[in-house]
1. If B:A148 meets every condition in (1) more than 14 Å from every other protein chain (Cβ to nearest Cβ); (2) surrounded by fewer than 21 Cβ atoms within 10 Å (Cβ to Cβ); (3) over 20 Å from B:L188 (Cβ atoms) apart from one, which number is that one?
2. For the stretch B:238-248, indicate whether the set of residues that are in a loop (DSSP other than H, G, I, E, B), in contact with a strand residue (DSSP E or B) (Cβ under 7 Å, 6 or more places away or on another chain) and among the acidic types (D, E) is non-empty.
3. For the stretch B:69-105, how many residues are part of a loop (DSSP other than H, G, I, E, B), within 14 Å of chain A (Cβ to nearest Cβ) and among the hydrophobic types (A, V, I, L, M, F, W, C)?
4. Could you count how many residues in the stretch A:95-135 are closer than 17 Å to A:V167 by Cα and either within 12 Å of chain B (Cβ to nearest Cβ) or not small (G, A, S) (or both)?
5. Identify, from the list A:G63, A:G138, A:G92, the residue that is away from every other protein chain (no Cβ under 14 Å), at pLDDT 90 or above and farther than 21 Å from A:R188 by Cβ.
6. Of the conditions (1) small (G, A, S); (2) modelled with pLDDT under 95; (3) under 23 Å from A:A137 (Cβ atoms), A:S21 clears all except one; give me its number.
7. Could you figure out which of (1) in contact (Cβ under 8 Å) with a residue 60 or more places away in the chain; (2) within 14 Å of chain B (Cβ to nearest Cβ) isn't true of A:D265?
8. Going residue by residue through the stretch B:278-292, is there one that turns out to be assigned to a strand (DSSP E or B) and closer than 12 Å to B:L314 by Cα?
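The values are calculated or read from the model by the stated rules, or taken from the named source; none is laboratory data. Quick caveat: nothing in here was measured; it's all calculated off a predicted structure. Virtual Cβ from ideal backbone geometry, glycine too; neighbours counted across all protein chains shown.
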Amino acid sequence: MNAVVFRRVLADRRRWLIGWSIGITVFVVLNIAFWPSFRDQSDELNDMFDKMPESLRALFGMGDGVDPFSPVGYLSSQVYTLAMPMLLLIAGIGAAASMAGDEENGLLETVFTLPISRGRLVLERWAAVVVLTAALAGVGLVATVVSARAVDLDVGIGSMVWASVGVTVLTWAVTGLGLFTGALTGRRGLAITVAAVVAVASYLITSLADAGIGVFETLEPLSVFTHYDVLATLAAGTPPWSFLVLVAAAAITTAAARWAIDRRDLRNA
Amino acid sequence: MAHDRPPPYRDGVDHDLPLPGGPGSNTPAIATRRLSKRFSGRFSRGPASGHGSLALDELDLEVHAGEVFGFLGPNGAGKTTTIRLLLDLIRPTSGSATVLGLDPRRDGVALRARIGYLPGDVNLPPRLTGRAYLADHAAIRGLDLRSATGDLADRLGADLDRPMGDLSLGNRRKVAMIAAFAHRPQLLVLDEPTGGLDPLVQQTFRSLAREAADEGRTVFLSSHVLDEVQHVADRVAVLRAGRLVAEDRIDALLARLTRTFRVRFGDAPSLDQFGRVSAVTSVSVLPGGDLEFVLDGPAGPLLAALAPLHPLDLHGHEPDLEELFLGYYGATHVGRDELNASAPIAADRTEAVTA
């Protein structure tokens, strides 16, 4: 067990990791930096938000009886509901689809003629994506904790840790689908599209279901964002059981990817 | 997993156990039985027939352990498809293949530990150096190949310290060649190995292939150029449109081959006088007045007939695959348009007299 492929992906992604770390840090710091002025204008903003329809408010990550102008409401709407998952998903889907990209470019052809099974190759590459996305979530967590301290955004560390765990398992579930699609078809573009469509559709379903729109409430259990449930996580400071649904989804897509790559012809570059 | 076991040999030292398909074994290195591959829909290549296209049509092939086997055919004949089937990169539509006595799919990992493969299209990670790339391969094989890699790099003149994206095609091919040879595999599968290499390196390659065979290892050498295999192969098979059309010893094949000579004269002689010269199968006049002779036997009688006519210049050219086919089957059996061979077809022929 020397995990050559795993280590190679990590080495090749060093610049990628640095770039995304900087991007996520800047994004988090800029968003949290507005907390003091936001807090000071909360009365006026409250009036404005009260006039918004419930569905629109849900889209901004508010609802469930959490005051959007509380520290938890602010951190949820500004960082964890949309921005952090979006950045991690873009980074993670690209990384997960890169195996199909390498297949399209003919770079996998020689690897698959080495004494390593296809399933093992998929697992090692997937393990690298898991580690890299967890590392990015960790960077986001550190940036959040430090900048929240700096502007007196009073949210418990446990809340932020569990929210970051949530965003990590959310990313694994969605990128796992990208991995599976890439393993099934060998097409990078399709892998990215399927994962991205599922992510966006999930976000809309959960938001609109939160707003009480019936048809979306029916679909709600199918959405990964429903199981992510970050506002409740931040408010409670403990993880919901539904995180396990996301972990299970990631495990199932990984197993499916292993199965899929082994049953087809590899594409010729 | 199978490769968690210790590899059968380490650092290029051949193991003592007689493995199927190995030195001293009667098991063929490669045996295919009615091996067929049909590509469906948009992946199709080659002539379409029925659903999708049949890239390989019931191939029966036997490559003996320890020989250099030339696998010839024009582009699109199914050579690379065959190789990809043997390596389990793709799966057969029907039929079966055994490589070194193993099943490419079921025993894939154990089998690929004993194979070295040089792809026709050399795609290498552009930002990686050759050294890092080869170190990865060795690590996946569980072998320490640093000295073998260094020796091969010296012989081939390969640059292992620059990112491979900065290397020319020939230099990238050298890296890929080291990857194929370094672990001294029992079977070398080489797809169009010398494209983009200068003649000196081609010579080194031939030596490497010959040395491998002399050590009892098997070399499977695919090419669309006869010249690439005729100096090194023991036997050849010729594939066309997915079907095996010939399989023979290379010397027997070459003996049947026709050769072409172009001759320039000060005063063009009449064609008639060559009609009865032994071994001349046809004479034609090229634009500019040169004569082109096609021979299927010794050149002596033709030279004797030419000498009194004061030829100014004599030029023979390397036989190509097209001529090989023509020599085997005659032009009527193999349409020229079907022969998507690499060598240019002499389209400038204006008149032909068949002897």
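1. If we test B:A148 against (1) more than 14 Å from every other protein chain (Cβ to nearest Cβ); (2) surrounded by fewer than 21 Cβ atoms within 10 Å (Cβ to Cβ); (3) over 20 Å from B:L188 (Cβ atoms), just (3) comes out false.
2. The first filter runs over the stretch B:238-248 and keeps only residues in a loop (DSSP other than H, G, I, E, B), leaving B:241-242.
Among the residues that remain, those that are also in contact with a strand residue (DSSP E or B) (Cβ under 7 Å, 6 or more places away or on another chain) are: B:242.
Applying the additional criterion that residues be among the acidic types (D, E) yields none.
No, the stretch B:238-248 contains no residue that is in a loop (DSSP other than H, G, I, E, B), in contact with a strand residue (DSSP E or B) (Cβ under 7 Å, 6 or more places away or on another chain) and among the acidic types (D, E).
3. 4
4. Number satisfying all stated conditions: 5.
5. Working: A:G63 fails: at pLDDT 90 or above; A:G92 fails: farther than 21 Å from A:R188 by Cβ.
Exactly one residue qualifies, and that residue is A:G138.
6. Going through (1) small (G, A, S); (2) modelled with pLDDT under 95; (3) under 23 Å from A:A137 (Cβ atoms) one by one, A:S21 breaks only (2).
7. Exception for A:D265: condition (1).
8. Taking the stretch B:278-292 and keeping what is assigned to a strand (DSSP E or B), we get B:280-285, B:291-292.
After this cut, where a residue has to be closer than 12 Å to B:L314 by Cα as well, the list is B:291-292.
Scanning the stretch B:278-292, I find at least one residue that is assigned to a strand (DSSP E or B) and closer than 12 Å to B:L314 by Cα, so the answer is yes.
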